[in-house]
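**Student:** Input: one structure, supplied below.
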Amino acid sequence: MNRRSACIQFLAVVKTSLLASFVWAARATASTVSRVAGPHWSVNGDWNPGVEAVQAHLRGGHGIDPGDLGLEEMLTLHDNVHNRAGYRGHTHQKKSQVVTKGYRKF
């Protein structure tokens, strides 16, 4: 093997490892939800809901598929939906018209 082919192989290995780390970091970042400023919101009057209750509320009340988010991430997402809309005293008797840009809908 000459120097040129060895150098090309080395660069290919470095490129592959760097790309893999960037893909892993992007997936990890995409799976987290950052909180926006505003108050915390209850889920149908429950301040300590379980995973199933939050999932059902996000799907039914807000039209958002929480996917594989954890409980804390779902609660943050729920607070963000309310705080981005900028309204208070909202009831969930009809489908929310909240803009959920950037979140998956089903």
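**Student:** Evaluate the following for A56: is it surrounded by 15 or more Cβ atoms within 10 Å (Cβ to Cβ) and modelled with pLDDT of 90 or more?
**Tutor:** yes
**Student:** What number of residues in the range 71-95 are surrounded by fewer than 18 Cβ atoms within 10 Å (Cβ to Cβ) and at pLDDT below 90?
**Tutor:** Within the range 71-95, residues that are surrounded by fewer than 18 Cβ atoms within 10 Å (Cβ to Cβ) and at pLDDT below 90 number 13.
The values are calculated or read from the model by the stated rules, or taken from the named source; none is laboratory data. Remember, predicted model here, so these are calculated numbers, not experimental data. With ideal geometry, Cβ positions are generated from the backbone for all residues, glycine too; neighbour counts draw on all protein chains shown.
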